[in-house]
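K.L.:
The structure that follows is given in the form of C-alpha cells.
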Amino acid sequence: MSLRRQRAGRRGYSPTAGLHFDDEEFESRIVWIWGTARSGSTWLLQMLSHPLKLEWSKEPQDLLGFVAPRSWQGTVDAIPVDTTFVSNHLLPSFGPADYTDDLAPVTVYSALDMRDRGNFFFSPKYEDAWHPEVRRMMLVRFHRIVERTAEHYDVKSPLVLLKETSGAHAAPLVMSMFPRSRLVFLVRDGRDMVDSHVAASQPGGWLPQRGWATPEERRQFIRRWARTWVGDMASIERAFEAHPPELRKMLRYEDLLAAPASNLGSLVEWLGLRRSERWLEGTVRANAFDSIAPEQKGPKKFFRSATPGAWRKNMTDEEAATLESIMGGKLRELGYPVTDGSPAPVKRAGRRR
C-alpha cells in the first residue's frame with residue numbers, strides 16, 4: 001500500500017471502532033477521586049460504595065477487590081476501584097513524586113530529557129497517535145471491571161469510582177483523556193498528611209518499605225513529603241481547572257469528618273446516585289472511626305486517629321516550621337490557617353508532562 005493511501009485511510013480511522021459499548025456514555029459514568037495518600041480517600045470510597053466492602057486478595061478468584069454482604073440482594077450502582085496506579089505507569093516516578101521549582105513533576109522521562117524527543121513513545125509530538133489509543137485501552141480495562149462485577153451481582157449502568165492517590169502528578173494528563181468523566185478533588189491539610197506518612201513509615205509502622213529511622217532521616221523525610229504535597233496539589237488543581245465546571249467538585253476532608261452525612265449526601269446527589277436517608281445514616285455509622293475494631297487502629301496502624309490538626313502535637317517546633325516554610329503558600333491558597341510568615345503561593349507552571 002502506498003504512503004498516500006495509508007494517510008488517506010488514517011483520516012477515516014477511529015480508535016473506538018469495534019468497541020462493544022458506547023465509549024462516551026461509559027466515560028460519563030467514570031468518577032475520578034483525586035487526592036494524596038493519607039487524605040481520607042479510602043474512607044470516602046468505602047462510604048460511597050456501602051454496603052460493598054473493599055477487600056484485597058492475591059487469590060486467583062479475587063477479580064473485583066470488593067465484596068458484598070452475603071445476605072445482600074441489592075443492585076450495584078457504584079463500583080469501587082481502590083487505586084489503579086495507571087498514573088504511575090504513564091508518568092513513572094520514584095516513590096513520592098518530586099517537583100521542580102515551578103511545580104512540574106520530575107519523572108523518569110523528564111529526568112532523562114526525553115519529553116520532547118520524537119523517538120520517545122509518549123512524546124507530545126506524537127500525542128495525536130497515542131493519546132486516543134491509551135484512552136481506548138483504559139476504557140476497555142475499566143469496562144471489564146463492570147463486566148466481571150455483573151458476573152457476581154445485579155448491575156445496572158453503574159458508576160465506576162476510581163480512587164487515584166498515588167499518581168497525582170499525572171492528573172492533568174489522565175483527565176485530558178476523559179473530559180466527560182467526573183472529578184472529585186479531595187483536599188486535606190498537608191501538615192496532617194505528612195504527619196500521617198511519618199507515623200506510617202516509622203520503624204514498626206504499617207508501611208512495608210523503610211521510611212526513616214534516625215532524626216536526620218526523619219527531617220529529610222518530612223521535607224520531601226511536604227514538597228510532594230505541594231506539587232501534588234498543584235497538579236490536581238491544573239486538572240481540576242481544565243475540567244468542565246459541571247463535572248468537577250472539591251471536597252475537604254475536614255468538612256467531611258465534621259459533618260459526614262450532609263457532605264456525603266451532597267456528593268451522592270451530585271453524582272446522581274439514588275440513596276435514602278437510611279442508607280446515608282448506615283454508611284456513616286458503619287465507616288466511622290469508632291466502628292473500627294480496636295486491634296485495627298493505633299499510632300502505627302493504617303487507621304490511625306482521624307483527628308484534624310494532630311500534626312501540632314506530633315511535630316516539633318522545628319518540624320512545624322519546616323512544614324510551613326515549604327507548604328505555607330499552598331495551605332493558605334486552599335484555605336488552611338498558617339502563620340503570617342509563610343511564603344506566598346508558588347506561581348503555577350503551565351501544562352507539562
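Please treat every number below as a calculation from the coordinates, not as lab data. Predicted, not measured: the structure shown is a model, and the values here were computed from it. Here the Cβ is made from the backbone with ideal geometry for all residues, glycine too, and neighbour counts use every protein chain on show.
K.L.:
How would you rank 153-166, 71-84, 265-278, highest first, on the average number of other Cβ atoms within 10 Å across their residues?
P.N.:
Values: 153-166: 18.6, 71-84: 16.9, 265-278: 13.1.
Descending packing order for the listed peptides: 153-166, 71-84, 265-278.
K.L.:
Taking the highest mean first, how do the peptides 228-235, 23-30 order by number of other beta carbon atoms within 10 angstrom per residue? Mind dumping the intermediate values first?
P.N.:
Values: 228-235: 26.4, 23-30: 16.8.
Answer by packing, highest mean first, reads 228-235, 23-30.
K.L.:
For residue 98, which sequence-distant residues (separation of 5 or more, or a different chain) have an amide H within less than 5 Å of its own amide H, given hydrogens modelled in the peptide plane?
P.N.:
Amide H to amide H, under 5 Å and 5 or more residues apart or across chains, residue 98 pairs with 106.
K.L.:
Whose amide H sits under 5 Å from the amide H of residue 250, counting only residues 5 or more places off or on another chain, with H placed in the peptide plane?
P.N.:
Answer set, sorted by chain and number: 185.
K.L.:
Next question. Would you grab the residues whose amide H sits under 5 Å from the one on residue 30? Only those 5+ places off in sequence or on another chain, please, with H modelled 1.01 Å from N.
P.N.:
160, 182
K.L.:
Something else now. Give me a comma-separated list of calculated 3J(HN,Hα) values for segment 13-18, in order, Karplus coefficients 6.51, -1.76, 1.60 applied at θ = phi - 60°, integers in Hz, x for any Gly or Pro.
P.N.:
For segment 13-18, the Karplus-derived couplings read 7, 10, x, 10, 5, x Hz, x marking Gly and Pro.
K.L.:
Order of 176-186, 216-226 by packing, highest average Cβ count within 10 Å first? Kindly include the intermediate steps, with their values, before the conclusion.
P.N.:
Numbers: 176-186: 19.8, 216-226: 17.7.
Descending mean neighbour count gives 176-186, 216-226.
K.L.:
List the aspartates and glutamates whose Cα lies under 13 Å from the Cα of residue 249, skipping any in the same chain that are fewer than 8 positions away.
P.N.:
237, 241, 269
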